[in-house]
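Trainee: Right, I'll just put the structure down here and ask away after.
Read-outs throughout are calculated quantities, based only on the coordinates presented, and are distinct from any laboratory measurement. Source: prediction; values computed, not measured. As a convention, Cβ positions derive from the backbone with ideal geometry for all residues, glycine included, and neighbour counts pool all protein chains shown.
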Amino acid sequence: MNAPANSSLSPAALLDKLAPLGDTSYSLDRCADLAGMIAEINRLKDERRAIVLAHNYQRPEIFEVADFIGDSLELARKAREVTDADVIVFCGVHFMAETAKVFNPERKVLLPDMRAGCSLADAVTAEALADRAADLREVYPDLKVVSYVNCTADVKALSDACCTSANAVKIVERIDSDNILFVPDRNLANYVAENTRKRIISWDGNCYVHHQITPEEVDRVKRSIPGIKVLAHPECRKDVLELADAVLSTSAMMRYARESEADKFLVVTECGLSDRLLMEIPDKRFYKACKLCRFMKMITLEGTLDSLQNLRHEIELSDEVQKGARRALERMLELSA
Ligand code: SF4
């Protein structure tokens with residue numbers, strides 16, 4: 001594994017972006033308010049010919065109005081399959097809404113809150129990537145850039161292929177180069193490097209939510225709940241992954257929990273997924289890492305209602321970025337087929 005390439009969001013810049021989590025309690029009054037908003041959102045969805053896509057890390061009340069719930073790529077592909085929607089309201093973060101736009105250029109794609117960014121996507125800019133790739137090609141002329149889908153559309157547009165946490169190893173193995181610049185997640189790059197013989201040059205980005213989970217926290221739960229299965233996301237640190245029974249993407253965690261004979265799981269990822277697991281698999285027990293992504297939680301039911309009422313905030317991409325990002329995403333689909 002080579003030294004990481006530069007660029008990461010400074011702690012001060014990250015803190016500037018984080019907002020309070022807002023109302024996360026569910027009192028009777030709050031539930032009554034939510035029920036009213038859910039009814040109005042469902043009415044507006046019909047009137048606007050809109051669908052709501054919700055990422056696995058969203059609040060439980062957002063799941064109630066979602067037409068589809070999944071990881072970012074599943075959602076973008078779902079949106080492409082829906083033929084009768086004019087509007088897509090994306091309840092997730094900005095780079096995910098961009099991916100939905102890339103696959104649905106003719107539709108209006110709305111993000112309820114434009115502040116919903118991502119520490120990982122912010123860790124690499126298109127300019128920094130272009131400079132670093134040019135430098136590295138002096139040493140490795142066959143260098144290929146593989147970008148994790150958690151990055152902006154203009155970074156995707158400069159990549160040879162994208163990957164998800166589920167197919168990262170496969171994409172790296174199948175792309176026609178032995179030298180890979182992998183952006184932006186250093187932890188995922190480490191995980192890939194351990195599962196391939198190719199040279200992986202990592203970027204120095206991380207998901208602040210997964211990166212803060214420690215092996216001590218996981219170990220404490222393992223020791224206090226005998227028989228618990230630990231499911232960890234590859235954005236976690238290496239010393240956390242070493243304690244896991246399975247290293248899985250969020251969608252793979254859903255499948256694993258459904259199909260496993262085990263009935264107790266520690267879900268080592270953002271807490272929203274545990275809410276979805278509890279709602280969809282009520283006969284099993286899920287323990288969560290208690291880590292919330294404040295970017296994801298900027299999306300609220302109030303914001304989703306506002307988005308549908310006022311058709312805002314619209315995602316716009318230049319033709320060049322849209323085409324480049326689509327090429328890299330489609331290359332991923334070909335390589336992972
Ligand atoms: S959980 Fe991490 S990768 Fe996902 S949106 Fe939040 S900061 Fe970004």
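Trainee: Roughly what % antiparallel, to the nearest 5, for the DSSP beta bridges in the chain? List each step's numbers first, then the result.
Mentor: Working: 1 of 35 bridges.
Antiparallel: roughly 5 percent of the beta bridges in the chain.
Trainee: Which whole number in µm²/s is D for the chain by Stokes-Einstein, with the Kirkwood Rh taken over Cα pairs at 20 °C and 1.002 mPa s?
Mentor: Working: Rh = 20.5 Å.
Here the translational diffusion coefficient equals 105 µm²/s.
Trainee: Contact order normalised by length for the stretch 213-288, with contacts defined as Cα pairs under 8 Å and 6 or more residues apart; what percent is it?
Mentor: For the stretch 213-288, the relative contact order is 29 percent.
Trainee: Give me, ordered by chain and number, the residues 5 or more places off residue 287 or on other chains with an amide H under 5 Å from its own placed amide H.
Mentor: So residue 287 has HN proximity to 265, 266, 267.
Trainee: Specify the residue with the greatest mean-square fluctuation among 178, 142, 29, computed from a Gaussian network of the chain linking alpha-carbon atoms under 10 Å apart.
Mentor: Looking only at 178, 142, 29, the largest GNM fluctuation is found for 29.
Trainee: Related question: By a straight-distance test (C-alpha under 26 Å), which lysines pair with residue 323 as possible cross-link partners, with residues fewer than eight away in the same chain excluded?
Mentor: Partners found: 78, 101, 108, 144, 156, 170.
Trainee: Stokes-Einstein D for the stretch 71-135 at 25 °C, 0.890 mPa s, Kirkwood Rh over Cα pairs, in µm²/s? Numbers along the way, then the final one.
Mentor: Numbers: Rh = 13.0 Å.
Answer from the Stokes-Einstein relation: 188 µm²/s.
Trainee: Just the number, please: percent antiparallel of the DSSP beta bridges in the stretch 213-288, rounded to the nearest 5.
Mentor: Counting only bridges with both partners in the stretch 213-288, antiparallel ones make up about 0 percent.
Trainee: The stretch 48-107: percent of C-alpha pairs farther apart than 13 Å? Display every interim value, and only then the final one.
Mentor: Details: 937 of 1770 pairs.
The proportion of pairs with Cα distances above 13 Å equals 53 percent.
Trainee: I've got another one for you. Under a 10 Å cutoff between Cα atoms, tell me which one of 298, 96, 279 has the largest fluctuation in the Gaussian network model of the chain.
Mentor: 279
Trainee: Under 8 Å for C-alpha pairs, at least 6 residues apart: give me the relative contact order for the chain, rounded to a whole percent. Display every interim value, and only then the final one.
Mentor: Working: 661 pairs, mean separation 78.7, N = 337.
Over the chain, the number comes to 23 percent.
Trainee: Largest first and in whole Å, give the semi-axes of the stretch 213-288's equivalent ellipsoid, each being the square root of 5 times a Cα gyration tensor eigenvalue. Before the final figure, lay out each step's value.
Mentor: Numbers: eigenvalues 66, 37, 22 Å².
That gives 18, 14, 11 Å for the three semi-axes.
Trainee: Counting only other residues whose beta carbon sits under 14 Å from that of residue 304, what net charge do I get with K and R as +1, D and E as -1? Before the final figure, lay out each step's value.
Mentor: On the way: positive: 43, 45, 48, 59, 297, 312; negative: 33, 40, 61, 64, 67, 113, 302, 306.
Here the count lands on -2.
Trainee: Less than 11 Å Cβ to Cβ from residue 49, Lys/Arg counted +1 and Asp/Glu -1: what total charge do the surrounding residues give?
Mentor: Working: positive: 45, 48, 107, 108; negative: 46, 47, 84, 86.
Net charge in that neighbourhood comes out at 0.
Trainee: Can you compute 3J(HN,Hα) from phi for each residue in the stretch 237-242, using the Karplus curve 6.51 cos²θ - 1.76 cosθ + 1.60 with θ = phi - 60°, rounded to whole Hz and x for Gly and Pro?
Mentor: For the stretch 237-242, the Karplus curve yields 5, 4, 5, 7, 4, 5 Hz.
Trainee: Around residue 66, under 14 Å between beta carbons, what's the net of Lys plus Arg minus Asp minus Glu among the other residues? Can you show the working numbers first?
Mentor: Details: positive: 45, 59, 78, 276; negative: 61, 64, 67, 71, 74, 275, 280.
Summing Lys and Arg as +1 and Asp and Glu as -1 gives -3.
Trainee: HN-Hα J couplings of the stretch 55-63 from phi, Karplus 6.51/-1.76/1.60, θ = phi - 60°, integer Hz, Gly and Pro as x?
Mentor: 6, 3, 9, 7, 5, x, 5, 5, 4
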